[in-house]
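Notes for the one structure printed next.
The values are calculated or read from the model by the stated rules, or taken from the named source; none is laboratory data. Fair warning: this is a prediction, and the values are worked out from it, not measured in the lab. Ligands, DNA and RNA are excluded from the accessible area calculation, which covers all protein heavy atoms including side chains. Shrake-Rupley method; radii C 1.70, N 1.55, O 1.52, S 1.80 Å.
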Amino acid sequence: LEYNNLIHKLSVDPRISLALKTGGPGQFSLAYGRFRQSPKNEFLRIDKALGAEKAEHLILNFQVVENNRTFRIETYYKHYNDLIKYPKEYPQQISNAGKGYAKGLEVFWRDNRSIKNVDYWISYSYLDTERDYLDFPQAAVPSFASAHNFSLVYKHYVPAIKSQLGLTYSYTSGRPYNDPNTELFNGGKTPYYADLSANVAYLPKPYIIFYVSCTNLLG
């Protein structure tokens, strides 16, 4: 239950979360919730009668934690409505007519047991989303969304030199942008982004740490 005195609205947003143990180290989780947020001040200055932007989330998750190993897989669907929307030519004609959706999958694996003095984790996420909001002429993938994201983190502790060596590789597929030379809105796509970074942490004493890192090793 929430009352927003900025826009003078009382709202009820039900949320529920359920978890089921599988009899071993695994657990299923299911969550549903409705959420809302007030329009940004820049929009309320134009029309103080604007309502809150709303979202409904449905998330299904399975996780196993055992012997310093973690595996998690999660899928979700999110529906957005009452988003801020206005014509590009007439931004003063603002309303809550926007809508959109997001659905995706996330996978995570972490292991700091199989290899002595090594802790590593791998994560991958897939996102399918479109929104028809702000000054979009039609439903399209927003420019902040990338379909594929991957990361690998490796940490190796070397007791003989009291140091931890680390490597991180990350990859993000291209993001859409609006190319005015094409007819399709947000039909352009940036190149993918990839980065390999390395770091060293030296611990001469428990309360002293020397840390050095370098990014984009492959240029």
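A few points about this structure:
- Where only C-alpha atoms are counted, convex hull volume of the stretch 153-219 per residue in Å³: 108
- Residues whose amide H falls under 5 Å from that of residue 179, counting only those 5 or more places apart or on a different chain, are 186, 187, 188, with hydrogens built in the peptide plane.
- Candidate residues 190, 215: accessible-area rank, largest first, probe 1.4 Å: 215, 190
- Surface per residue (accessible, 1.4 Å probe) for the chain, Å²: 66
- 21 Å Cα-Cα reach of residue 9 towards lysines, excluding residues that sit fewer than 8 places from it in its own chain: 40, 48, 54, 85, 99
- Cα-derived Rg over Rh, computed across the stretch 48-175 with Rh taken as Kirkwood radius: 1.18
- Couplings for the stretch 109-123, taken from phi via the Karplus curve 6.51 cos²θ - 1.76 cosθ + 1.60 with θ = phi - 60°, read 9, 9, 9, 10, 10, 5, 10, 4, 6, 10, 10, 9, 8, 10, 9 Hz in order; Gly and Pro are left as x.
- Taking the chain as a Gaussian network of alpha-carbon nodes connected by springs under 10 Å, the highest mean-square fluctuation of the residues 61, 181, 117 belongs to 181.
- Close amide-amide hydrogen proximity is noted between residue 9 and 4, each under 5 Å apart and 5 or more residues distant or on a separate chain (H modeled in the peptide plane; Pro and chain starts excluded).
- Candidates 31, 52, 201, ranked by Gaussian network fluctuation over the chain, Cα under 10 Å, top entry: 201
- Once Rg and the Kirkwood radius are both taken over the C-alpha atoms of the chain, their ratio Rg/Rh works out to 1.07.
- The apolar share of the surface of the stretch 1-138, taken as the fraction of accessible area on carbon and sulfur atoms (1.4 Å probe, ligands and nucleic acids excluded), comes to 53 percent.
- The stretch 106-207: translational diffusion in µm²/s, Stokes-Einstein, Kirkwood Rh over Cα pairs, 4 °C, 1.567 mPa s: 78
- As a length-normalised measure over Cα pairs under 8 Å and 6 or more apart, the relative contact order of the stretch 91-130 settles at 45 percent.
- One chain, two ends: residue 28 and residue 213. Fully extended at 0.36 nm per residue, the span grows by 62.8 nm beyond their Cα-Cα distance.
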